[in-house]
Amino acid sequence: MIVFPAIDVRAGRVVRLSQGDFARETVYGDSPADVAESFVAAGAQWVHLVDLDAARGDGSNLAAIAAVAARLGDRAHLQVGGGVRSVDAAQQLADLGVGRVVMGSAAVRTPELVDAVAAIVDVAVGLDHRGGEVAVDGWTAGSSLRLSDALGRYAAASAFIITDISRDGMLVGPDLDGLVAAAGVTSVPIVASGGVGSLDDLRELRDARVIAGVIVGRALYEGKFTLSEALAVVAR
């Protein structure tokens, strides 16, 4: 199981939102590249970055993404989401050195766009849901699409990143039963996102043996455990 330490970027700064609420923002640093460097120094093979301004449609953090990609070089892979709504946007990120893009709202609205982007760069489809309904537009709107139905739509996806919005940033543990159920109906690797707050949460995901990866954010920033400890747990 791969651990993806997360960097959420807004206005060039490293932040975390509680349940995707932009009004509930905590700032953790001014240099995404420095945070990415610390993750790689601890042993990360992947870094997960979300451009919150692009996700919201009122800006972008391409300069910060470029700086992170340059700092990582060939030492770790960079996965970037937020505002990837076109082939051109994906190409721009690929040109910066991004190894995989995450498509959410655009994938839900235009599933065939995933096929087009996947011809350029690997695509993880982000399925963020409340109570099983996939959310779009930075989690501000429902889509009427059920998570169970979405899992059969994207043959070109290299991964599904599943986020239970009610748990995101809350450190209450992942929706293990829901994640295992999702893994049971698709051959596409499942990456868990949202809710991880302890090493025990990681052990449960690891022991399920069907979860390919886990994104960890707030727990790292608030010192619930270190990235080195997380990597040691999933390696066992």
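The values are calculated or read from the model by the stated rules, or taken from the named source; none is laboratory data. Note that the structure is a prediction, hence the values are computed from the model and not measured. Counting neighbours? That spans all protein chains shown, and the Cβs are built from the backbone with ideal geometry, glycine included.
Brief remarks on what is shown
- Set Ala55, Ala94, Ala67, Ala90: member being touching a helix residue (DSSP H, G or I) at 6+ places or on another chain (Cβ under 6 Å), part of a helix (DSSP H, G or I), within 21 Å of Ser158 (Cα to Cα) and in contact (Cβ under 8 Å) with a residue 12 or more places away in the chain: Ala90
- Selection within the range 105-124 - under 19 Å from the mean Cα position of the chain (by Cα) and in contact (Cβ under 8 Å) with a residue 40 or more places away in the chain: Ala107, Val108, Pro111, Val114, Ala118, Ala124
- In the range 185-236, the residue that is modelled with the lowest pLDDT out of those that are surrounded by fewer than 18 Cβ atoms within 10 Å (Cβ to Cβ) and among the basic types (Lys, Arg) is Arg236.
- Inclusion of Val101 among residues that are outside any strand (DSSP E or B) and within 19 Å of the chain's Cα centre (by Cα) is not warranted.
- Scan of the range 7-23 for residues that are closer than 20 Å to Gly59 by Cα and either buried (at least 19 other Cβ atoms within 10 Å of the Cβ) or touching a residue at least 24 places away in the same chain (Cβ under 8 Å) (or both), ordered by number: Ile7, Asp8, Val9, Arg10, Ala11, Gly12, Val14, Val15, Arg16, Leu17, Gly20, Phe22
Yes/no matrix, rows are residues, columns are (1) surrounded by fewer than 19 Cβ atoms within 10 Å (Cβ to Cβ); (2) at pLDDT 95 or above:
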{"residue": "Val117", "(1), (2)": "no, yes"}
{"residue": "Ile120", "(1), (2)": "yes, yes"}
{"residue": "Ala124", "(1), (2)": "no, yes"}
{"residue": "Arg130", "(1), (2)": "yes, no"}
{"residue": "Ala135", "(1), (2)": "no, no"}
{"residue": "Gly138", "(1), (2)": "no, no"}
{"residue": "Leu151", "(1), (2)": "no, yes"}
{"residue": "Ala159", "(1), (2)": "no, yes"}
